[in-house]
Every structure is written in structure tokens, then in C-alpha cells.
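Here the structure is laid out as C-alpha cells; the discussion comes afterwards.
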Amino acid sequence: MAAEQQMRVKGTGGGNRFAAACGLLRQYQYMMGQGSGRGAAMATMGLMPGADRVEAAHVTPEERIKNTMELLLFPQRPGTLMDNSHQSRILEPERAQLTIFYEGRTFVLDNFPADKADQLMQLAGSFAAPAASDDELVCPSMPAQHLLEDMPRKASLQRFLEKRKSRIAAADPYPVAPARAAKETAKPVAVGDGGAPWLSVNSGLNLN
Amino acid sequence: MGGEAPEPGRLTRALSILDGSGVPEEALHLVLAHVDDPRDREAASLACRRWHRIDALTRKHVTVPFCYAVSPARLLARFPSLESLAVKGKPRAAMFGLIPDDWGAYAQPWVAHLAAPLECLKALHLRRMVVTDDDLDALVRARGHMLQELKLDKCSGFSTDALRLVARSCRSLRTLFLEECTITDNGTEWLHDLAANNPVLVTLNFYLTYLTVVPADLELLARNCKSLISLKISDCDLSDLIGFFQIATSLEEFAGAEISEQGELRKYADVKLPSKLCSFGLTFMGTNEMHIIFPFSAVLKKLDLQYTFLTTEDHCQLIAKCPNLLVLAVRNVIGDRGLGIVADTCKKLQRLRIERGDDEPGMQEEEGGVSQVGLTAVAVGCRELESIAAYVSDITNGALESIGTFCKNLYDFRIVLLDKQERITDLPLDNGVRELLRGCTKLRRFALYLRPGGLSDVGLSYIGQHSGTIQYMLLGNLGETDGGLISFAAGCRNLRKLELRSCCFSERALALAMLQMPSLRYVWVQGYRASQTGGDLMLMARPFWNIEFTPPSTENAGRPMEEDGQPCIDRHAQVLAYCSLIGKRSDYPQSVVPLHPA
């Protein structure tokens, strides 16, 4: 029943009973009020435009993945508004741009029919290493080493760590331990290192 | 409504409430006045027009999760009787220096349109917004006489002059919160004025503002504000606060100050902290000063050691004396050994934060660094944990599994894998992540920031599949191909806010993935395969959904494509897409291109 579907769609484990009951009330109100036109969906302040619509056809995650994969394989012109009800139309034979990357060269074919593209991919797939089902995305796998090199710090901690560095430098301006890679087990400069911090204040007493 | 939600047949009686022949309006007002939870309120407001109207008139507090989602005027029209308002501005990335200063999030329209007309407003909370002296002036003029709570959280753009105005005009102020704000320091008078004019002050927080403090003003504060329970200040040597602590006998929470000279035992010998103190943090506290805490360590509930100079051994000694800790914040110098002590001692621990210490060779601490060993110990030992945020040097599937098995109360889990250690014990983390998500059913916030190879496409699909009630996620360096992102998105039913960083996905896949998530109302992305124009992002164009694009840096523009024909990952490009009833904002900076509405 639509109301039950609504519940499943919101489906949270151990859900909020009051909120769920309100949802059902609204659904019932809408159904009762449809004839008189009173119950027409309100323009709500809800900032989730799709969330409180009951999904007319309950689409499984697997179907949604498949639909979206097809969209990735047969790109549409950007700027078209997409929603669930339009996705099924994509499956009709259409013409789109086909791009082939091979040995560092790129071939682009405009207005390539979708069914031919499908055949082409199946043909290519039969030569390739065992790939799995139709559902697998045939997409160039991204090289693993590309990523943002930096891992930025929070400003407050950054400031503290800089101050710490200058305190350490002020206490012992001529550190003996060379700068080594982090994974080595060499002891860092013996400052604030537990045990006898007062030694570090009078750097002249350091034996090293 | 008791038990399960009522069956449809039993709703006819409930309907009589809706159509007006049943419960009178005054009664509905009274009933709804007791409904505080925002999700309950949201559900009630959607039941029918009448309930919508009554909710609007009786709603006391609203949080606007993103300032460009709705206009102040519209908020006023719907909720004229608001007593408390919270508005959030810049993306979280601003805390890490990734958002330009002129990005936006100005408080001005909110203050201008709401301060005067909201006649019941007594609490205002702004986070990561630009607030000017003029804004505070306008606020104080309109609401000063009844303002009880002013929280400016990581805001910028104002000076101590505005604080003077607040101090002199808001005699009912109970809470003044300014933590981590960037404030122009034009003098210390504001604190003196606050101390002189605000007898009912309960909470004062100007932690991490780096404002100059005069100890005598704090003593005046202690004398005049008998209700002062919580004080967090900027830097001021602890020895200057001896007088303050003697007067502030009701103080329960203190953080800030600093130890300006390490190892000066005589200087701090006379510091005697108030007897009711149960929440404490002291900047630059070192081995020689930590004994200050010992007299009250047994009753300590909150301890902040993030800005101290304590070693791993110090952490072990100190925490062993704190069996009643509920909240602990440290840097990763605590090490696995320290976490072992936490696990053995702090059985009531609810919130644990392990921040990232210095990575530089020679600067990092000897035993510093936290791994699966410490995490597992904490998971097994601290079953009451509700929130874990940790920067780890190493991790295993087993550790994540342990968290899923033992930390059943967890609602916030964030883990970042540091990049210094070359080889991680046990990657990918697919199975561990799955078990954690399956075990921690109360999870609402989740962050996982790894490295390439850290989580495969399958693992990413597990996150989607087991996302449950998670509303916020930050994902970094996860997945291998676009397929992983699509599978992830297919599973996320309740995800409202998503941040993606340093990921391999194409623009097209991003757009299509966003369309898959029914509850999504905010997404921020940095570090992906951006095009020059963001054209493929238009695939997710739809009503009430704004798309803002920060184009890749110009040095990438001339660079040829990668070998596979895809654009390389650009560090400059960002995408911010969000639900909005306003349409295109009028204050976007030069660096941002509004794609939709154009």
C-alpha cells in the first residue's frame, strides 16, 4: 500500500513514531482531500524537494544503479533536466557521441547509434580479461596515484603547532638530531620529552 | 500515538482532529508547544494546513543549516514568533583554509530583516559567517534589551568595539560565545564593560580569539557575575589568574590561559583552582604543571589537552587519575599506550577527539601516533562512546569491526588516515567499514578520509548500502572508479549533507550520483576530475537546486588531458550544490561561477 511504501522509503531502523504517524496522517489527508481539491500538495518549506514524494514505482537500488550506468555510458546533452520518470526513455535507441581511447589515441564518433554501441562493447568485452555481468561499468579506471597531495590542518591547531615549534627552538636553538623521515625511530630533540625538561631550558648544559 | 504507527483503518478518528470538528485550536497550540524535536516539528507541519499554521506560530527555535537555502524574509513570514535562531554559513572547509575570504555568508541580511521584526527573539547563533560591527550594532539596537544568548562561532569581520556595544547594551545576557572568531583587537575595555554591566552572565567564551586580556577585568567579572559557571579565555598567564580563581568559587568549567614559562614551579605554586571545577583545559601545560589538575582529577568530566606540551607518558599518568571523564580531547601524542590507559580508566567516556599533532621530522613526539591497537582498546573499554574523531597513523579492518561490535551508542564517527606512514597494515578497509556501519545503528555523522587503495568500489558501495540513518558524510580518497560512486549513491536514502574530497570521480558521475540521493540537500566537492566549465554538472540541474562551481586553476587549463582522456584532478576546482528557495545568490565572489540558476 502506498502508505506502507512511504514508511519503507523513509525506512529508518527504530524510527520516530510521532514523525511516522504524521507522515501517515498527511498521506491519508491527501488521499481524502484529492476529490475536493483541498488536499493538493502544499508548497512546503521542506528543503528536500524529492524526499516526501511517494515513489510511484518502487525502484530497487540495483535498478537505479543500472539506469545510472546507462546514463554514464550514453551521455546526454548537459542542461536537460533529469528525473526518475525520464530515465526509462534513455533506453530507446538513440544517437550519441562515442569516444574510444586506445593506446593513448582518442577517436570520437558523433551520432553513433546506441544499439551498435552496445554490440561494440560486448565485442570488446569478449576479448578483454574476464569481466563480470552487464551491470559492470565499462569506464577507464582512474590511476590510483592522483589525488590532492595536501591534508590541510585546522587553523587553531596550526597556530598552536607553530607556537610550539618556536618554543622548542627558543629553548634549544641548536638541535643536534638531524631532520629524519618520520618512520625512523631516532629520538627527536630532547626538549619537553618527559623526564627532565629543565635540562632543555639551559641549553648550555646539554651534553650533545 | 503509542505503539506502531496506526493502521489506515484507525485513522478516521484521527482525521477528525484534522478537519476541525475535533480538538479546538487552543488545545492544538498547547500540545504542539511541547513538541521540541525539529524532526517531529517538521513531520507535524506537513500533516495538513492547520497543523502547518499552528506549528509556524508556535515554533520556538529554527536552525537554518545553510544561509543560502532560504531568505530571511521567508523565514520571518513563516515563523514570526521565533525565540531562538541559528544560521550556518561557509562550508566546513573554511576551517581548513580552503574557502576564500570573500566567499560570502554575510550576516547582514539576517540581522537587517529579522532583528527588529522577530519580537520574541532572545537567542542568536551564527556559525562561520561574516559579521560586521554594523551588524552587531543593528542587532543590539533592536534586541539588546532582551538578548540572552549570543553565539558567534568561527565568525569574522567584527572588532572589540562591537563587543563593547554588546557589553553595555545587553543587560540580560547569559551566554556570550565567541570561540575561534577572528576579531580585530581595539582594546580590552569590552571585557571590563561586560564585567561591569552583566550580572546574570553564566557562560563567557572567547577561547582561541587571541584577544588581549587584563587579569583585573576577569577578577571584576568573578566578583560581579555570581552565576558564572563557564569561562574560556584567550591567552593570559595562569599565574595572573590566582586572584580570579579565588573569587570565582562557582566556576565549573575553565579553559584557555597559558603556561608562559615551562618549569617555573614557584610561579604556579599558588594557583588554586575552584572546588567545583569539572571541565578544564590549559594551553602550553607541560609535565611540570600538570599536577595542578591532580586535586580534582577524580571529578573531572571534560579535559582538553589539545594545546598542551604533555608527552605520551604524561598523558598516561594524568588520565589514569580521571575515571569520571565524559569528554576527552587530545593530540595523537597520546599514542596507543595512552589510549590503553583511557580504555582501562575512563569507562564513562562519551566523546573522544584525537587531533593531528606535528608531522615534521624532529618535531613529532616519540611515541606519538595512534593506530588500530589504541582504537581497538578504546572500543572494547569505553562502551558508552557516542562520538569518536581520530587522526590515525595506521588502521585495520579488525579495529573498525571492534568499534562496530562494542560501541553501540556511537552517533558520530570520523577517522582520518594520516599520510606519513608508507605502508598501512590492512588495506582496503571494505569489510571493516561494513561491519562498523552494520554495528553502529545510531550513526548520524560519518567521516572517512583515507588514501588511494584505502577503500575499493565495493567498499564504497557498502557505505551506501549500510548508510542507515546517517545524515552527514565526509569522504576522502575513497573508491576507484565512477561505478563505486554510483553504487554508493544508490544506497544513501537519508543522507542530507555530503562532502567529498580528493576523489577520482568524473564530473558526470558526480552529477548523476547526486540525483540518486533523495534526501540530499547539500554537497561540497573539492579535488575531482573537473572540466574547465563544469558543464557536466548541469546533468543534476533541477528546480530549487543551486549549483556553484569554482573553476580549476588556470595553470591546469593549458595542461593536456591525462592519457585516458579524462581531466586530471585539480586542487582548485570546487563544487557546491544545495537546495535553495532563493535562487541564485547575489553576493558570490569572482572565483565562483553560478551554473544553475545561471
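Some values worked out for this structure:
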{"read-out": "Any chance B:GLU253 is more than 30 Å from B:LYS420 (Cβ to Cβ), among the charged types (D, E, K, R) and in contact (Cβ under 8 Å) with a residue 40 or more places away in the chain", "value": "yes"}
{"read-out": "B:LEU231 outside any strand (DSSP E or B), crowded, with 18+ Cβ neighbours inside 10 Å, in contact (Cβ under 8 Å) with a residue 12 or more places away in the chain and out of contact with any Lys or Arg (no Cβ under 6 Å at 6 or more places or on another chain)", "value": "no"}
{"read-out": "Complete set of residues in the range B:454-480 that are closer than 17 Å to A:ARG64 by Cα, in contact with a Ser or Thr (Cβ under 9 Å, 6 or more places away or on another chain) and polar (S, T, N, Q)", "value": "B:SER461, B:GLN465"}
{"read-out": "Residue in the range B:252-282 that is surrounded by the fewest Cβ atoms within 10 Å (Cβ to Cβ), counting only those that are away from chain A (no Cβ under 13 Å) and among the polar types (S, T, N, Q)", "value": "B:SER275"}
{"read-out": "Any hit, the range B:360-368, residues being in a loop (DSSP other than H, G, I, E, B), in contact with a strand residue (DSSP E or B) (Cβ under 6 Å, 6 or more places away or on another chain), among the charged types (D, E, K, R) and closer than 22 Å to B:ASP419 by Cβ", "value": "no"}
{"read-out": "Criterion (in contact with a Pro (Cβ under 9 Å, 6 or more places away or on another chain) and either under 19 Å from B:LEU178 (Cα atoms) or modelled with pLDDT under 95 (or both)) met by exactly one of B:VAL130, B:VAL87", "value": "B:VAL87"}
{"read-out": "Unmet criterion (only one of (1) touching a strand residue (DSSP E or B) at 6+ places or on another chain (Cβ under 7 Å); (2) in contact (Cβ under 8 Å) with a residue 60 or more places away in the chain) for B:SER387", "value": "(2)"}
{"read-out": "Criterion (closer than 23 Å to A:LEU161 by Cβ and buried (at least 19 other Cβ atoms within 10 Å of the Cβ)) met by exactly one of B:VAL378, B:VAL392", "value": "B:VAL392"}
{"read-out": "Residue match in the range B:283-304 (condition: on the phi < 0 side of the Ramachandran plot, assigned to a loop (DSSP other than H, G, I, E, B), surrounded by fewer than 17 Cβ atoms within 10 Å (Cβ to Cβ) and free of Cβ contacts under 8 Å to residues at least 40 places away in the same chain)", "value": "no"}
{"read-out": "For B:VAL525: the one exception among (1) modelled with pLDDT of 95 or more; (2) within 9 Å of another protein chain (Cβ to nearest Cβ); (3) outside any helix (DSSP H, G or I)", "value": "(2)"}
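The values are calculated or read from the model by the stated rules, or taken from the named source; none is laboratory data. Just so you know, these numbers come straight off a predicted model, no measurement behind them. Please note: Cβ atoms are built from the backbone with ideal geometry, for glycine as well, and neighbour counts cover all protein chains shown.
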